[in-house]
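Chemist: My questions will all concern the structure given below.
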Amino acid sequence: MLGVGFRIGLCALALALSACGTLSVQEEKQMGAQAQSQLRKQLTFVRDPVTVSYVRKLGENLAAAARPSPFEFRFYVVEDETLNAFAIPGGAMYVNTGLIQAVENSAELAGVLAHEMGHVTARHVAQMANRSRNTGFVANIFYMLVAILTGNPYLANAGGLAGSVAGQAYMNTYTRDAEREADALAVETLVHAGWNPEALVTMFETLKKESGGFSGPQFLSSHPATDERIANVQRDIAKYPGTEKLRLDDGKLPIIQERLKLIVGTDREEPADDEEGESDEE
């Protein structure tokens, strides 16, 4: 849960920046730096060097294969059993321990990271800020930013945006378009990095099943795994022949998952597909 200080601080920054016109790369970095400063105070980070190194190396492998980005990606593991991962402006990415423990293979974890990387590379925060200003929703830009970036759409309600028909339509349209683009970029990145992109589909299917149709993994709150979305990803995968030969695992993930059971204390009788993992702060 993001605290009041984080909400007020980032809100003021978002409002100020959105009122100045199109967000520049530097302004996005500034927004991200402020958000990261607040997150350091409110999240509990895993500092186990083996776990942190694994997530960072996986992320760096993806970043090297992804499209050029004006931002430097940084990866952190958060001690939180909810199934979630998110990125903030400027390239900082957070993955919960619950998610790490829920995935079936390394490619599924890579798929989630590649998806979040897609949001950053496509500069969806800047797009949303600009749309908000142009459509008269500037006063609610902060709530939309946090709702989409952290996987908590209820923060949009806090701003009064989702309470209106126009506001809800706006959120739905943005989310659908942004998620579609991030998925396509994730597939591309996975293939170029040598990971089987079908893992993105299996991850979505697992998350969708865990959601039970009503409530479930927090990641799905802002990243709905609809049948249409899964079909779109499968069409994206079809553009790359031979992906079935790409790797699904690196043999290291089970070691990390076992370490997290000891570190976080989330050992269960059956592997839980609704737990998440996050990365450490420096």
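Chemist: Out of the residues in the range 72-98 meeting the condition of being crowded, with 24+ Cβ neighbours inside 10 Å and in contact with a Pro (Cβ under 8 Å, 6 or more places away or on another chain), tell me which one is nearest to Q26 (Cα to Cα).
Modeler: N84
Chemist: Moving on to the next point. If R74 satisfies every condition in (1) free of Cβ contacts under 8 Å to residues at least 12 places away in the same chain; (2) within 22 Å of Q34 (Cα to Cα); (3) not polar (S, T, N, Q) but one, which is the exception?
Modeler: That leaves (1) as the condition not met.
Chemist: Pick out the one residue from E188, E179 that is modelled with pLDDT of 95 or more, among the charged types (D, E, K, R), closer than 14 Å to G111 by Cα and buried (at least 19 other Cβ atoms within 10 Å of the Cβ).
Modeler: Answer to the check: E188.
Chemist: Residue check: is R229 at pLDDT 55 or above and closer than 23 Å to Y54 by Cβ?
Modeler: Against the criterion (at pLDDT 55 or above and closer than 23 Å to Y54 by Cβ), R229 does not qualify.
Chemist: Which condition number does V55 fail, the rest of (1) touching a helix residue (DSSP H, G or I) at 6+ places or on another chain (Cβ under 6 Å); (2) under 27 Å from L253 (Cα atoms) being met?
Modeler: (1) is the only condition that V55 fails.
Chemist: Which residues, counting only those in the range 70-92, are among the aliphatic types (A, V, I, L, M) and either part of a loop (DSSP other than H, G, I, E, B) or within 22 Å of T206 (Cα to Cα) (or both)?
Modeler: V77, V78, L83, A85, A87, I88
Chemist: Right, here's the next one. I'd like to verify a number: residues in the range 1-51 that are modelled with pLDDT of 55 or more, assigned to a loop (DSSP other than H, G, I, E, B) and closer than 29 Å to L260 by Cβ, how many?
Modeler: Adding up the residues that qualify gives 5.
Chemist: Of the numbered conditions (1) within 22 Å of A87 (Cα to Cα); (2) modelled with pLDDT of 50 or more; (3) of a type outside the set (A, V, I, L, M), S222 satisfies every one except a single condition; which is it?
Modeler: Single failed check for S222: (2).
The values are calculated or read from the model by the stated rules, or taken from the named source; none is laboratory data. Note that the structure is predicted; figures quoted are calculated from it, not measured. Ideal geometry is used to build each Cβ from the backbone, glycine not excepted, and the neighbour counts take in all protein chains shown.
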